[in-house]
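Let me begin by presenting the structure, written as C-alpha cells, before commenting on it.
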Protein chains: 2
Amino acid sequence: MSDNTTHDPILAAITFDANGLVPAIAQQHDTGEVLMMAWMNRESVAETLATGRVCYFSRSRGKLWRKGESSGQQQSLKELRLDCDGDTILLLVDQLGVACHTGRRDCFFRAARDGALVEIAQPLIDPDALYGHGHKHG
Amino acid sequence: MSDNTTHDPILAAITFDANGLVPAIAQQHDTGEVLMMAWMNRESVAETLATGRVCYFSRSRGKLWRKGESSGQQQSLKELRLDCDGDTILLLVDQLGVACHTGRRDCFFRAARDGALVEIAQPLIDPDALYGHGHKHG
C-alpha cells in the first residue's frame, strides 16, 4: 500500500478531538477478533495510510507509536474505515503474533461474570521476551 | 441478566477519563461485526450490567442514552469485557435491527480506498422511520 497517493480527503473527513486525537479500533481482518483500541493523531493516520503499517499516537509517551517497533508484533493495514460521525476509526489489520503488551492475542481478556472480572485468555508469549523489562507497549 | 448482583468490583477496575467516561466498542456477539463505538459513564455501565440492555452516555446530550429507547434498535448485552489497561470496554451484544443512526447495520460504512472514502454499505432502514425528524441517535 506504500505509494504516492495523497490521503488528504480521508484526513479531512476525520474529526480529531481537542487533543488532536481519534480513537482507533484494531480488528483482525479475517477472524473478526477485536484486538485493541488505541489513539491516532493526524500524523499517525497519514503514516499508516502511506506505509500500510499501523502507527498510533502514544498518549503516555507523547509521540508516534509504530506498533511492533520494539516488540516485533506489527500490524499490517488491510483497510481503514471511518464511522458515521467521523470520530472513530476501525482498522482492519493482520496482526503478527500478539496485540497485547501482556503477551495475549488481544487486550480484552477480562470478562464480567457474576459481578467479577474473570480472565478468559492466557499469554501466548512471555511479556519479558517481548520488551525486556521496563517497557509497557510497543 | 437482571438480578441483585453487585457490580462494584467491575466498576472499580474501570479507569474513567477526566470527564468520567470510558470508550465502549459494541461488537455483534455471533458474527464479530464491529457495530459502533460510544461512551459510557459509571452509571451507564452499572445500568447495563444490571439490566442486560446496553446504556451509553451521550456526550452531545449530556445524559444517559439507552440504546434503542427512541429508535427501537436495542442492544442486548451478551458479555462485557475490559481491556488490559482498564480504559476501554468491549461489549458483546445482540443488535436488534441496525446500530447506526443512518439506518445502516454498523457505523463503519466508509472505507479508505485509493485516497478517498467509499461507502461500502447502504441503509437497511430509512432513518426518518427510525426517529422521525430532528433526532440523531437513539
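Averaged over peptide B:24-34, how many Cβ atoms belonging to another chain are found within 10 Å of each residue's Cβ? Before the final figure, lay out each step's value.
Numbers: counts 1, 8, 0, 6, 1, 0, 0, 1, 6, 2, 9.
For peptide B:24-34, the averaged partner shielding equals 3.
Using the beta-carbon distance between B:Thr6 and A:His29 and R0 = 35 Å, what value does 1/(1 + (r/R0)^6) give for FRET efficiency, to the nearest 0.05?
Details: r = 39 Å, r/R0 = 1.11.
Result of the calculation: an efficiency of 0.35.
Assuming 1.306 mPa s and 10 °C, estimate D for the stretch A:8-99 with Stokes-Einstein, Rh taken as the Kirkwood radius over Cα pairs, in µm²/s. Let's see the in-between values first.
Numbers: Rh = 13.0 Å.
The estimated diffusion coefficient comes to 122 µm²/s.
Determine, for each peptide in A:29-40, B:119-130, the mean count of other beta carbons within 10 angstrom over its residues, then list the peptides with the highest first.
On the way: A:29-40: 19.6, B:119-130: 13.5.
Answer by packing, highest mean first, reads A:29-40, B:119-130.
Amide H contacts under 5 Å for A:Gln74: A:Leu96, restricted to partners 5 or more places along the chain or on a different chain, H placed in the peptide plane at 1.01 Å from N. Taking all C-alpha pairs of the protein assembly as shown, those more than 24 Å from each other amount to 49 percent. Around the amide H of A:Arg53, modelled in the peptide plane, lie the amide H atoms of A:Leu77, all under 5 Å away and 5 or more residues distant in sequence or on another chain. Once both labels are positioned 7 Å from their Cα atoms along Cα-to-Cβ, the gap between A:Asp94 and B:Leu96 label points is 4.1 nm.
Plainly put, the tip 7 Å out from Cα toward Cβ on A:Gly20 is 3.0 nm from that tip on each other copy, the closest given first. Shielding of peptide B:103-111 by partners, expressed as the average count of other chain Cβ atoms within 10 Å per residue Cβ, is 5.
Backbone geometry of the stretch B:64-79 corresponds, through the Karplus equation with coefficients 6.51, -1.76 and 1.60 at θ = phi - 60°, to 3J(HN,Hα) couplings of 4, 10, 7, 3, x, 4, 9, 8, x, 8, 6, 10, 8, 7, 9, 7 Hz, x marking Gly and Pro. On the rotation that sends chain A to chain B, the chain A Cβ lying closest to the axis gives residue and distance in whole Å as A:Gly32, 1. Inter-copy label distances at A:Glu119, shortest first and taken from points set 7 Å along Cα to Cβ: 4.7 nm. With neighbours defined as other Cβ atoms within 10 Å of a residue's Cβ, the residues B:Thr15, A:Thr5, A:Thr88 order from fewest to most as B:Thr15, A:Thr5, A:Thr88.
In chain B, the longest principal axis of the Cα atoms and the axis of helix B:42-51 are about 90 degrees apart.
For the pair B:Arg42 and B:Ala13, label points projected 7 Å from Cα toward Cβ lie 1.8 nm apart. For the stretch B:42-138, rounded, prolate or oblate, judged on the Cα gyration tensor with a ≥ b ≥ c (square roots of eigenvalues), a/c < 1.5 rounded, else prolate if a/b > b/c? Since a/c reaches 1.5 but b/c is at least a/b, the shape of the stretch B:42-138 is classed as oblate. For the protein assembly as shown, the number of Lys pairs with C-alpha atoms closer than 28 Å, counting only pairs eight or more positions apart or on separate chains, is 10.
The numbers here are math on the coordinates, done by the rules we state, and not lab data. These figures come from a predicted structure and were not determined experimentally. We place every Cβ from the backbone using ideal geometry, glycine too, and count neighbours over all the protein chains shown.
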